[in-house]
1. Just check segment 451-535 against the gyration tensor rule for me: Cα atoms, a ≥ b ≥ c as the square roots of the eigenvalues, rounded for a/c under 1.5, and otherwise prolate or oblate depending on whether a/b exceeds b/c.
2. What do you get when you divide the Cα radius of gyration of segment 227-294 by 2.2 N^0.38 Å, with N the number of residues?
3. Ranked by Cβ crowding within 10 angstrom, fewest neighbours first, how are Trp156, Trp628 ordered?
4. Report, to the nearest 10°, how far helix 624-634 tilts away from the longest principal axis of the Cα atoms in the chain, using its own Cα long axis and a range of 0 to 90°.
5. Using only Cα atoms, find the angle between the long axis of helix 21-31 and the longest principal axis of the chain, and express it within 0 to 90 degrees, rounded to the nearest 10.
6. In segment 624-645, which residues have a backbone nitrogen under 11 Å from the label point lying 7 Å from Ala286's Cα in the Cα-to-Cβ direction?
7. Could you go through segment 308-319 in sequence order and give the Karplus-derived ³J(HN,Hα) for each residue, using 6.51 cos²θ - 1.76 cosθ + 1.60 with θ = phi - 60°, rounded to whole Hz, and x for Gly and Pro?
8. Pulled fully out, how much extra length does the chain show between Asp266 and Ser73, if you take 0.36 nm times their separation in residues and subtract their Cα-Cα distance?
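Here, each number is a calculation from the coordinates, and none is a lab measurement. Just so it is clear, the model here is predicted, and its values are computed rather than measured. As a convention, Cβ positions derive from the backbone with ideal geometry for all residues, glycine included, and neighbour counts pool all protein chains shown.
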Amino acid sequence: MVETAQACSVHVRGVVQGVGFRPFVYRLARSRSLSGWVLNHENGVEIYVEGEQIDDFLRDLVSHAPAAANIASVNVEPAEPKGLRDFTIRTSERRATPAARISPDLPVCGACLRELFDSNDPRFGYPYINCTNCGPRYSILLALPYDRANTTMKDWRMDARCSLQYQDPEDRRFHAQPVACGNCGPHYYLKSAAGCVEGGNAAIQAAAAMLGGGSIVAVKGIGGYHLACDALNPAAVEQLRERKFRKEKPFAVMTRHLDAAREIADVAEEAERLLTSQARPIVLVASKAKLDGVAPDTRELGIMLPYTPVHHLLFAAGAPAALVMTSANRSSEPIAYTDEDAQASLKGIADAFLIGERPIARRMDDSVVRVGAFGPAILRRARGYAPAVVARIPRTTCPMLALGADLKNTIALSVDGDVVVSQHIGDLDHYPALQAFHECINDLVTMYEVRREDLVVVHDSHPQYASTLHAISLAAPERRIAVQHHRAHIASVLAEREEWDRPVLGVAFDGTGYGDDGAIWGGEVFVGSVRSGFERVAHLRPALLAGGDAAARFPVQAAAGFLAQLNSLPDLTAAPFCFPQRYNESLRLLNSGLRTFRTTSMGRLFDCVAALAGFVRPVTYEGQAAMWLEQLARGSSSTAAYPFPLIDGELDFRPALESIIADRLHGLDPADIARAFHRGIAAGVTAAIRTLGHSHRLDGIALSGGVFQNELILENLDDPRLFTNHAVPSNDGGISLGQIALAAFQSRHA
Ligand code: ZN
Ligand code: FE
């Protein structure tokens with residue numbers, strides 16, 4: 001037997017820690033009668049095997065890997081046989097810089113769910129049940145490598161049974177770091193004005209009963225607290241809106257199972273795939289039932305399925321089958337994730353707190369995705385996705401930290417070329433989000449043991465963004481790189497495809513970003529590649545914006561500057577337009593030239609058209625008017641399209657606005673107007689792409705920026721060369737990735 005032995009060393013990179021990879025390797029090696037060892041280190045997993053069936057072993061290593069593993073590369077090198085007699089799992093090794101990819105949090109698996117509801121199982125009803133195939137990862141991780149002592153489970157000692165399972169390579173819980181049971185692990189309890197309910201299922205039963213009775217309960221989950229209430233109880237939903245000061249922004253709903261989701265929404269095949277995917281995101285689908293107050297003014301509903309045992313237990317205990325589950329915070333603050341913070345900040349909002357004792361290491365909102373016209377589109381990237389590596393940039397040597405933009409912000413860190421994009425942080429103009437931003441930077445830099453003096457810091461070119469000011473505080477000028485906002489958008493699309501050299505036409509449409517000329521950009525077309533940079537070749541015809549970015553809150557204020565360019569205007573304060581006084585004040589501001597800025601923002605053009613179609617009130621959340629306009633348009637089957645010509649490098653909005661005003665005065669249905677505007681934009685962009693793509697001999701067109709979250713625009717764009725974001729959001733949550741990509745190729749440090 002020994003004479004034919006071969007041996008090799010195998011190095012596996014990717015998400016291979018905390019996903020049951022080592023026990024899988026152990027079982028695989030034993031089944032092939034191989035000897036050797038496997039160990040975790042900061043660079044992934046290292047294996048040494050010797051024996052006869054090495055080829056079979058290597059094949060199955062990739063094809064049979066655990067569901068939650070994500071192998072980036074496998075390196076095999078021949079070795080001298082050592083004559084080992086068995087196969088072992090060695091303890092983790094410590095090396096210089098950790099480059100291991102950290103697993104995102106996983107939903108509870110089928111095997112654990114069966115045990116959870118099996119009255120003969122020792123973990124029957126235990127809300128922290130997990131195994132190597134499931135459970136929290138990033139949200140409990142305090143440091144690398146991923147071992148129990150480095151998680152928020154460090155303070156609980158395993159009892160004899162848990163520790164036997166933890167040490168048994170044949171067991172599903174072998175090296176499942178958060179393993180615990182009701183005997184040795186953390187518990188849940190319910191706190192309310194009526195007192196505290198502790199012990200076993202009693203707390204969850206009591207919480208379910210309160211939810212059934214119309215109360216609002218704060219529930220601690222994986223990445224923070226949710227505020228929950230019965231989605232089919234309008235009074236409860238109304239009360240939640242009032243207490244949370246959240247007037248109109250849609251709430252997400254968690255349903256007991258897929259069937260319950262189908263009662264209230266259309267869940268087609270692709271939506272089902274996303275709903276049940278490992279990330280368990282909120283999926284936006286067409287709503288069927290009218291749930292009063294849950295998602296006003298939209299036919300879309302955000303749905304998710306239970307992902308942590310406590311959710312399943314709540315439903316099993318009789319909680320309503322559709323629960324509003326919204327990030328627990330006051331309006332626009334980051335999600336509360338510590339027990340103290342939740343109880344302090346949600347006082348007066350939640351009637352009770354269902355508190356779990358296991359600490360959360362960092363906040364993670366639910367992710368939001370949509371079945372897009374161009375494939376899955378991620379609108380908010382957090383739990384289940386972060387901190388997965390989204391790209392590998394060749395030839396970067398020094399670590400880079402990109403601080404993103406301002407709204408819906410994320411940051412990105414590249415270590416040895418691996419780019420990690422953080423979870424969604426929020427809008428940095430809110431102080432608590434700014435604090436979360438600082439925490440997130442510390443967290444990633446510490447986790448990957450990057451020395452701050454080695455960092456190259458990348459930031460938006462806007463001189464006043466909080467992220468820019470922070471970049472200045474972090475790094476000396478020679479270690480800082482500014483990247484223009486819309487170029488970062490286009491680079492984000494190419495970076496997630498790792499296409500560094502492909503020359504494309506890049507169309508970046510969004511609400512706001514600082515332009516090369518200091519104007520507010522947002523309707524930009526570029527030519528170039530990530531490696532060579534992007535040259536602006538066309539843009540929306542400029543308009544004036546009264547009050548600058550503040551105009552984003554008032555569609556009629558944004559409208560004033562666009563409309564001022566038309567030759568003749570009716571009195572828009574009269575019917576059918578009924579613009580409020582703010583419109584006239586904005587016109588006066590424009591005439592005075594005070595606090596007036598030039599803009600090429602498509603987002604503001606959408607606001608202008610929304611105002612003409614009837615949305616004359618202020619918005620209560622970013623992008624609301626454009627979303628309203630899209631939903632309005634979906635109610636029409638008009639095939640008309642307003643003209644949107646490209647003339648001398650400028651997309652001219654005037655013909656469309658003139659037609660819209662005329663059509664409204666003639667009494668055309670605003671839904672038809674909204675539809676024709678969407679079709680017009682899509683047709684105009686298609687024609688512009690054809691002209692510009694031809695003159696620059698390009699075969700790819702990258703679309704990015706928040707406007708391309710508008711599915712109606714995407715559905716009407718028709719060109720096989722088009723592509724957009726999938727791994728990161730096309731909104732400003734994707735900016736940090738684009739910043740790192742552009743900086744890596746421009747930087748003299750790279
Ligand atoms: Zn499990
Ligand atoms: Fe943007």
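1. oblate
2. Normalised Rg, Cα atoms only: 1.16.
3. Least to most surrounded, the residues fall as Trp156, Trp628.
4. 80 degrees
5. That works out to roughly 40 degrees.
6. The answer is 635.
7. 10, x, 5, 4, 4, 5, 4, 5, 5, 7, x, 5
8. In short, 65.6 nm is gained.
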